[in-house]
Amino acid sequence: DAKTTQPPSMDCAEGRAANLPCNHSTISGNEYVYWYRQIHSQGPQYIIHGLKNNETNEMASLIITEDRKSSTLILPHATLRDTAVYYCIVRPQDQTGANNLFFGTGTRLTVIP
Amino acid sequence: EPEVTQTPSHQVTQMGQEVILRCVPISNHLYFYWYRQILGQKVEFLVSFYNNEISEKSEIFDDQFSVERPDGSNFTLKIRSTKLEDSAMYFCASTLEPYQETQYFGPGTRLLVL
């Protein structure tokens, strides 16, 4: 089962930052936080991942709280093409756990013109 | 940028028929996965495959399912006798290493069983 909790839906105005929260209060020390998104029944697309430090790439930023029990994905300037379902997934970094991804229900982000 | 490809994009079949879904993973990747997504539901893990054998499988992956890497590039999912409830999007994914590398997904095959 998914070990994360996300709001079912959010809206964001085009050009503004989209901040998507995720709770993972039972995360263990060897688990990464991954974010994927799925645009209208396409294959899930990797966005970013992190262990404990904040991360940034060309798509997004990931802010992980110091206790690692929650995180926020930030899309700095949302566009209409960012409308998608966003999944927060915790995943082990070694063989102590399964290497497949467990997808929850995610957050449906709608970017509004 | 290298990508995972899947064929066909859509397949319609009659209940009880066999179907084979095909995937070409990213060329230097070693670990391969199948997931499915029933319309309106979550993406669900089916099976992972490494070194020509199944490494993990879910409860969904019963005796009706099988996977194969028939050559150096293709990775297939076979459903022997399709049921109505097999109608779903099927996604293939691949990764270089199983844990610390991200999984890259294909565009999916939409299977409709009538």
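Read-outs: derived from the displayed coordinates by stated rules, not from any lab. Because the structure is a prediction, the values reported are computed rather than measured. Cβ placement follows ideal geometry from the backbone for every residue including glycine, while neighbour counts extend to all protein chains displayed.
A compact table of results
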item: Residues with amide H under 5 Å from that of A:Val90, placed H, sequence gap 5 or more; result: A:Lys3, A:Tyr34
item: Peptide-level mean, for B:88-98, of C-beta atoms on other protein chains within 10 Å; result: 2
item: Relative contact order, percent, chain A [alpha-carbon distance under 8 Å, six or more residues apart]; result: 37
item: Residue-averaged beta-carbon neighbours from other chains (10 angstrom radius) around B:47-56; result: 1
item: Selected from B:Ile60, B:Ile26, B:Ile79 as most flexible by GNM, with chain B as the system and alpha-carbon contacts under 10 Å; result: B:Ile60
item: GNM flexibility winner over chain B from B:Gly16, B:Gly72, B:Gly40 (Cα, springs under 10 Å); result: B:Gly40
item: Exercise: per-residue mean of other protein chain Cβ atoms within 10 Å, A:35-48; result: 4
item: Cysteines in chain A that, by Cβ-Cβ distance, have no pairing candidate under 4.7 Å; result: A:Cys12
item: For chain B: relative contact order, % (alpha-carbon pairs under 8 angstrom, 6 or more apart); result: 38
item: Local net charge near B:Tyr104, Cβ-Cβ under 12 Å (Lys/Arg +1, Asp/Glu -1); result: -3
item: Dipole magnitude of the protein assembly as shown, debye to nearest 20 (Cβ charges: Lys/Arg +1, Asp/Glu -1, about Cα centre); result: 440
item: Highest-MSF residue in chain A out of A:Cys22, A:Cys88, A:Cys12 [GNM, Cα springs under 10 Å]; result: A:Cys12
item: R0 of 30 Å, Cβ-Cβ distance A:Gln45-A:Asn23: FRET efficiency to nearest 0.05; result: 0.85
